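In what follows, a single structure is set out as structure tokens and then discussed.
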Amino acid sequence: MLVGLGKPDDAAVWRLDDDQALVVTVDFFTPVVDTPYEYGAIAAANALSDLYAMGARPIFALNVAAMPANLPSEMIVEIMRGGAEKVREAGAAIAGGHSVQDPEPKYGLVAIGLAQTSDLITKANGKPGDLLVLSKPLGTGVTTTALKNGMCSPGDAQQAIMWMSRLNRLAARIALENKVRAGTDITGYGLLGHALELAEASQVGLQVWLSSIPFLHGVVDYARKGNFPGGSVDNRRFFGG
């Protein structure tokens, strides 16, 4: 085991031989948008992003689904189709999965990938002088909360959906080509939470300039109106902000 509970990261890593490692993650969540297909695509892209963040290439995935008994089968099919097509876009395949009944829909993937052991990207490999680079603009949590509250414009909603469902494949390829060895996937803990994890694991400090952070259109206005996801309150309390 190269990466496991002893040094938590975006995925677990098991050495196969001197050159290759198996990279495995699981991720799922409740709907963040109203359209089933886009929900499935976003959930799949989110799970696959853990592999890309570790420098791995997705090879296959398993569906993880919890659906209400009264949810129309057509909606479930669309969720699964969105996930399957996103996995196919990543060059991988859905190989199976598991489902249960639950009052609130939940969908995601167990995602499995391969990585060269010499190319692994982890939270613990940061070095003084490294630059922090974001592959996507921030603010999807605020935008989707504004959408749920009926305060998000259609254009801003579509922009957020586009970014959330976009694979980090190109960013991962560029990172590997430039021999990046430290990184992480920014999701539930937000930029500061995940940056703190990276800094602590690498035993370095981080400087972040607010003016340099890319945000989705409309995010600042939505935030000023109080459209924060529930997890942001927990994050602030946990990380001492």
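The values are calculated or read from the model by the stated rules, or taken from the named source; none is laboratory data. Here the structure is a predicted model, which is why all the values come from computation and not from measurement. Methodologically, a virtual Cβ is constructed for each residue, glycine included, from the backbone with ideal geometry; neighbour enumeration extends over all protein chains shown.
Does Leu71 satisfy being surrounded by fewer than 24 Cβ atoms within 10 Å (Cβ to Cβ), at pLDDT 95 or above and of a type outside the set (Asp, Glu)? Working first, answer last.
Numbers: surrounded by fewer than 24 Cβ atoms within 10 Å (Cβ to Cβ): yes; at pLDDT 95 or above: yes; of a type outside the set (Asp, Glu): yes.
Taking the combined requirement at face value, the residue satisfies it.
Could you check the stretch 1-13 and list, in sequence order, the residues that are assigned to a strand (DSSP E or B) and over 14 Å from Val110 (Cβ atoms)?
Val3, Val13, listed by residue number.
Conditions (1) closer than 15 Å to Asp50 by Cα; (2) among the small types (Gly, Ala, Ser); (3) assigned to a helix (DSSP H, G or I), marked per residue:
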residue	(1), (2), (3)
Ala160	no, yes, yes
Ala171	yes, yes, yes
Ala175	yes, yes, yes
Leu196	no, no, yes
Glu200	no, no, yes
Val208	no, no, no
Asn227	no, no, no
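Answer with yes or no whether Lys225 is of a type in the set (Lys, Arg) and surrounded by 16 or more Cβ atoms within 10 Å (Cβ to Cβ).
Details: of a type in the set (Lys, Arg): yes; surrounded by 16 or more Cβ atoms within 10 Å (Cβ to Cβ): no.
When the stated conditions are applied, Lys225 does not pass them.
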Tabulated pairs, the stretch 115-129, first of a type in the set (Val, Ile, Thr) and surrounded by 18 or more Cβ atoms within 10 Å (Cβ to Cβ), second part of a helix (DSSP H, G or I) and modelled with pLDDT of 95 or more, C-beta under 7 angstrom, 6+ apart or interchain: Ile121/Ala53; Ile121/Ala175
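Please enumerate the residues belonging to the stretch 130-156 that are more than 30 Å from Val204 (Cβ to Cβ) and surrounded by 18 or more Cβ atoms within 10 Å (Cβ to Cβ). Let's see the steps before the verdict.
Taking the stretch 130-156 as the starting set, the residues that turn out to be more than 30 Å from Val204 (Cβ to Cβ) are 143-156.
If the condition is that a residue be more than 30 Å from Val204 (Cβ to Cβ) and surrounded by 18 or more Cβ atoms within 10 Å (Cβ to Cβ), then Thr143, Thr144, Thr145, Ala146, Leu147, Cys152, Asp156 are the ones that fit.
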Lone unmet requirement of (1) under 22 Å from Arg236 (Cβ atoms); (2) of a type in the set (D, E, K, R); (3) not in a loop (DSSP other than H, G, I, E, B) for Asp185: (3)
Residue within the stretch 121-140 that is in a helix (DSSP H, G or I) and closer than 15 Å to Tyr39 by Cβ present: yes
